[in-house]
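Asks: Sending over a structure as structure tokens; questions will come in a sec.
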Amino acid sequence: MTDPLDALASAARSGDGVTRLGRGAWLVTDPAETERLLASRDAVTGRTDRPTAPTSWGPDGPATWMAVRRAMRPLFTTARITASLPVVAEQAGGIVPGWPSPGVVDVGDETVRVVSAVNTRHLLGGPSRVLPPLLERELLLAGPRPTPFRRHRLRRAQRATYDAVRDAVRDDVRGPRAGLPAVLLGQGFDEHAVTLALRAMLLSGHHVPATALAWALHELSTHPDVQRDARAEATAHPDPTADLPLCRAVIREALRLHPPVWRLRRRLAAPARGLPAGADLLFSPYLNHRDPGTWSEPAEFRPRRWSADFRPAPGSYLPFALGPRTCPASHPALAQLTVVLATVLRTHHLVPHGSPTPTFDVLHAPRRLRLRLLPV
């Protein structure tokens, strides 16, 4: 079976940055065209919802989702993100020191556990023991090549997740402190739309940022000099709201080398850039992030490239996508992952324990990543 990354890389080499893959489909790897096409409002995401399913947005779903995204922007300002970081540190501080040290950990399992706890608390205003296993189950069942029986189980899992998020929305409204659900309801969105929006963010924030953190820990374990300097920075500045430029750069560089969302799909609702309406567009952050035409030493882990004045070339860095459909929580995610990484470094030395297998499936993830931890 052809490796999906090899197939994309081969197609990219045979083209000029916009490569026709087949009837009605194009691979876009030219950074400038990537920027322009993803910035177009005519490049839309395809929806596969069953119109009668409880998790369906309905015929006006895309417009409603974009309206919800716009309503959330004031909640993701720099000041609000910074104010939330002590809670992130509290969540991480309740989990990370419990990792066995000395000992060997399954990094995928542990990063999902801590990131899910942080994400649930951030979006819903409180912890949840119910949601993380439901999110995990739904994502596992939503993998590629589902059988009819698996699709039936997936629909049941989707309903269970939806019901749990809806209950959390109702609890937030009744609670003493209005969180994101109450804010969105107060802006006129109905309970169904708010539940779907939060469910979408919880699902996207379950495996994706955890995978990014796992790759960052792997790279630090194999670059002890960077690990030493990042630990020194984290230790010297224990305040969770402190600026940690090297720790943040480690996350950014891990997202460059190993973007969890390694391919993106869009469909053109109208002609754009010489491509017809209805065209299926495929983008690959992984290929763009390793383009030798825009990156120096593209295959090397070099977090110090992310100096204060460094700006990637347009279309060359898109771990959270680009344009109007950029991940709405990209800035909080980067800040939260930086705080969690600093918590890990203050507590544990990271030592390789075997080599992970990079996967290019739904996510680009380090399969069977295990690290040996030693106490600091």
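The values are calculated or read from the model by the stated rules, or taken from the named source; none is laboratory data. None of the values given here were measured: they were computed from a predicted structure. Virtual Cβ from ideal backbone geometry, glycine too; neighbours counted across all protein chains shown.
Asks: Suppose we filter segment 83-137 for residues that are under 24 Å from Pro356 (Cα atoms), surrounded by fewer than 20 Cβ atoms within 10 Å (Cβ to Cβ) and among the acidic types (Asp, Glu); how many remain?
Replies: 3
Asks: State which residue is nearest to Pro366 (Cα to Cα) when the search covers only segment 253-273 and only residues that are touching a strand residue (DSSP E or B) at 6+ places or on another chain (Cβ under 8 Å) and in a helix (DSSP H, G or I).
Replies: Leu255
Asks: What are the pairs, 6+ residues apart or on separate chains, where a residue within segment 217-238 that is modelled with pLDDT of 95 or more has its Cβ under 8 Å from a residue that is assigned to a helix (DSSP H, G or I) and among the acidic types (Asp, Glu)?
Replies: If the second residue must be assigned to a helix (DSSP H, G or I) and among the acidic types (Asp, Glu), the pairs left are Glu219/Glu253; Val226/Glu219.
Asks: Further question on the same structure: May I ask you to verify whether Ala63 is surrounded by 13 or more Cβ atoms within 10 Å (Cβ to Cβ) and small (Gly, Ala, Ser)? Break it down stepwise before answering.
Replies: Numbers: surrounded by 13 or more Cβ atoms within 10 Å (Cβ to Cβ): no; small (Gly, Ala, Ser): yes.
Considered against the rule, which asks whether it is surrounded by 13 or more Cβ atoms within 10 Å (Cβ to Cβ) and small (Gly, Ala, Ser), Ala63 comes out as no.
Asks: Residue pairs, Cβ under 6 Å, 6 or more apart or interchain, first in segment 140-169 and in contact (Cβ under 8 Å) with a residue 60 or more places away in the chain, second in a loop (DSSP other than H, G, I, E, B). List them.
Replies: What qualifies is Gln158/Thr55; Arg159/Pro54; Tyr162/Pro54; Tyr162/Thr55.
Asks: I'm checking my understanding of the structure. Among residues of segment 329-363 that are polar (S, T, N, Q) and crowded, with 16+ Cβ neighbours inside 10 Å, which one is nearest to the chain's Cα centre (by Cα)? Full working, then the answer.
Replies: Kept after step one, since they are polar (S, T, N, Q), are these residues of segment 329-363: 330, 336, 338, 343, 347, 355, 357, 359.
Restricting the remaining residues to those that are crowded, with 16+ Cβ neighbours inside 10 Å gives 336, 338, 343, 347, 359.
Working: Gln336: 12, Thr338: 14, Thr343: 20, Thr347: 25, Thr359: 16 Å.
The qualifying residue nearest to the chain's Cα centre (by Cα) is Gln336.
Asks: Quick one: how many residues across segment 138-155 are surrounded by 15 or more Cβ atoms within 10 Å (Cβ to Cβ) and part of a loop (DSSP other than H, G, I, E, B)?
Replies: 1
Asks: Would you confirm whether any residue within segment 220-237 is within 30 Å of Leu345 (Cα to Cα), of a type in the set (Ser, Thr, Tyr), under 19 Å from the mean Cα position of the chain (by Cα) and part of a helix (DSSP H, G or I)?
Replies: Of all residues in segment 220-237, those within 30 Å of Leu345 (Cα to Cα) come to 220-237.
Next, only the ones that are of a type in the set (Ser, Thr, Tyr) stay: 221-222, 235.
After this cut, where a residue has to be under 19 Å from the mean Cα position of the chain (by Cα) as well, the list is none.
Checked segment 220-237: no residue is within 30 Å of Leu345 (Cα to Cα), of a type in the set (Ser, Thr, Tyr), under 19 Å from the mean Cα position of the chain (by Cα) and part of a helix (DSSP H, G or I).
Asks: In addition: Check off (1) within 21 Å of Ala11 (Cα to Cα); (2) modelled with pLDDT under 95 for Val194 and give me the number that stays unchecked.
Replies: The single condition Val194 does not satisfy is (1).
Asks: Sticking with this structure for a sec: Report whether or not Arg159 is out of contact with any helix residue (DSSP H, G or I) (no Cβ under 8 Å at 6 or more places or on another chain) and over 23 Å from Pro332 (Cβ atoms).
Replies: Values: out of contact with any helix residue (DSSP H, G or I) (no Cβ under 8 Å at 6 or more places or on another chain): yes; over 23 Å from Pro332 (Cβ atoms): yes.
Yes.
Asks: Can you find, within segment 296-325, the residue that is modelled with the lowest pLDDT among those that are surrounded by 15 or more Cβ atoms within 10 Å (Cβ to Cβ) and not in a loop (DSSP other than H, G, I, E, B)?
Replies: If we take residues in segment 296-325 being surrounded by 15 or more Cβ atoms within 10 Å (Cβ to Cβ) and not in a loop (DSSP other than H, G, I, E, B), then Arg325 is modelled with the lowest pLDDT.
Asks: So if I check each of Pro245, Pro260, which one is buried (at least 22 other Cβ atoms within 10 Å of the Cβ) and modelled with pLDDT of 95 or more? Show your work before the answer.
Replies: On the way: Pro245 fails: buried (at least 22 other Cβ atoms within 10 Å of the Cβ).
When all the criteria are applied, what remains is Pro260.
Asks: State all residues of segment 231-274 that are farther than 30 Å from Leu374 by Cα and in contact with a Leu (Cβ under 8 Å, 6 or more places away or on another chain); if no residue qualifies, say none.
Replies: Val261, Trp262, Arg263, Leu264, Arg265, Arg266, Arg267, Leu268, Ala272, Arg273
Asks: Would you tally the residues in segment 174-226 being out of contact with any Pro (no Cβ under 7 Å at 6 or more places or on another chain) and closer than 30 Å to Arg304 by Cα? Quick ask: steps written out before the conclusion?
Replies: Narrowing segment 174-226 to residues out of contact with any Pro (no Cβ under 7 Å at 6 or more places or on another chain): 174-193, 195-197, 199-207, 209-210, 213, 216-217, 219-220, 223-225.
This time we only want the ones that are closer than 30 Å to Arg304 by Cα, so: 204-207, 209-210, 213, 216-217, 219-220, 223-225.
Summing the residues that are out of contact with any Pro (no Cβ under 7 Å at 6 or more places or on another chain) and closer than 30 Å to Arg304 by Cα in segment 174-226 gives 14.
Asks: Given Leu185, Leu180, Leu196, which one is buried (at least 23 other Cβ atoms within 10 Å of the Cβ) and not polar (S, T, N, Q)?
Replies: On the way: Leu185 fails: buried (at least 23 other Cβ atoms within 10 Å of the Cβ); Leu180 fails: buried (at least 23 other Cβ atoms within 10 Å of the Cβ).
Going through Leu185, Leu180, Leu196 in turn, the sole match is Leu196.
Asks: Something else about it: In segment 165-202, how many are in contact with a Lys or Arg (Cβ under 9 Å, 6 or more places away or on another chain) and of a type in the set (Gly, Ala, Ser)?
Replies: Here the count works out to 1.
Asks: Moving on to the next point. Test Arg273 against the criterion of being closer than 23 Å to Val18 by Cα and in contact with an Asp or Glu (Cβ under 8 Å, 6 or more places away or on another chain), and give yes or no. Steps first, please.
Replies: Numbers: closer than 23 Å to Val18 by Cα: yes; in contact with an Asp or Glu (Cβ under 8 Å, 6 or more places away or on another chain): yes.
Against the criterion (closer than 23 Å to Val18 by Cα and in contact with an Asp or Glu (Cβ under 8 Å, 6 or more places away or on another chain)), Arg273 qualifies.
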